[in-house]
1. At 7 Å along the Cα-to-beta-carbon direction for both Asn151 and Lys181, put a label point, then send me their distance in nm to one decimal.
2. Share of Cα-Cα pairs in segment 1-40 beyond 16 Å, in percent?
3. Would you mind getting me the FRET efficiency between Gln93 and Val224? Use the beta-carbon distance for r and R0 = 45 Å, nearest 0.05.
4. Show that you can apply the helix-only estimate: for the chain, add -39,500 (n - 2.57) for every DSSP H stretch of four or more residues, divide by all residues, and state [θ] at 222 nm to the nearest 500.
5. Rounded to two decimals, what is the ratio between the C-alpha radius of gyration of segment 34-131 and 2.2 N^0.38 Å?
6. Of Lys22/Lys181; Lys46/Lys123; Lys14/Lys187; Lys52/Lys92; Lys181/Lys245, which ones are farther than 28 Å apart at the Cα?
7. Give me the one-decimal nm value for the distance between modelled label points at Phe250 and Ser16, 7 Å along each residue's Cα-to-Cβ direction.
8. Return the sequence-ordered ³J(HN,Hα) values of segment 270-283 in whole Hz as given by the Karplus equation 6.51 cos²θ - 1.76 cosθ + 1.60 applied to θ = phi - 60°, using x for Gly and Pro.
Amino acid sequence: MRPSDTVGNTPLLKISDKLYAKFETFNPSGSIKDRIATYIINNAEKNNLIKKGDTIIEATSGNTGIALACIGAERGYKVKIVMPRNMSEERKQMMRLFGAEIIDVDDGDFDRAIALRDELSAKHGWFNSNQFLNPLNIECHEKTTGVEILNQTKDIGEISALILGTGTGGTMMGIRRTLIKAFPNMKVVACEPAESPVMSGGEHGTHGIQGIGDGGRFLVDLKVLDGIILIKTEEAKERARRLIKENGIFVGVSSGANVLAAERWIEKNNPDGIVVTILSDRAERYLSIY
């Protein structure tokens, strides 16, 4: 069995009476992005789009890069990662340990990272996993994460809301596709950095909740959202620290944002059912900013 064969089937943790969170740190490289990296590369191999020795390129804030670097090491691919240089050094170190090469762009400039990824892919013939616009991103979470949540909540009760931050938007849109069929009244609420409220109609800005708020809507269909909750970077960090110290849940900053947004929605709406969110990654990639 390869590491990528263990992706998925992660636990659903009870955070409080009405809040449950998918514990994605159980994936082999430690984040939810192992799901789409494996799903997209498996599909590429199946369709003869990539072979051992080829090069994969992607633009990322970090976790997709780590996941692709991991699968590249496992299967014999070269991996090139384009990312803003203000992303955490721990993330970069993890990618380099797996053997990936990092190509920097200016702080917070995801538009340039994506454009440079596309330019280099076209110039060199490298495989572009294209996470920000790839429908396989949504399909992956529809067929894996969403199905797992549905099975894990069978004996818990109705899901009143799905609440989480969005990077590409694939996680939210994919999970929603599955859950909304079982719970048609379920609310879908995004959280985004208060310093970069793009989906809320504001301007893109630099923030510290790495993994969400990458400057675009990408795969998010705003028409299906029932609300957006703004979370400040420092609030997300503090909630993540509390999850670590008070619950023993070793997670990153976006997990803090997700949990805090869900808690605020629960306090305001007092739902009859439960709320589901995501614990996206482990804390070791943020130690220098905690």
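1. That separation, rounded to one decimal, is 1.5 nm.
2. For segment 1-40, the fraction of Cα-Cα distances above 16 Å is 37 percent.
3. That gives a FRET efficiency of 0.75.
4. Taking each H run of at least 4 residues, the total per residue is -12000 deg cm²/dmol.
5. 0.98
6. Lys181/Lys245
7. 2.6 nm
8. Coupling constants for segment 270-283: 6, x, 6, x, 9, 10, 10, 9, 10, 9, 6, 7, 8, 7 Hz.
Every number in this text was worked out from the coordinates using simple rules, so none of it is lab data. The structure displayed is predicted, hence computed values, not measured ones. Neighbour counts run over all protein chains shown; Cβ positions are idealised from the backbone, glycine included.
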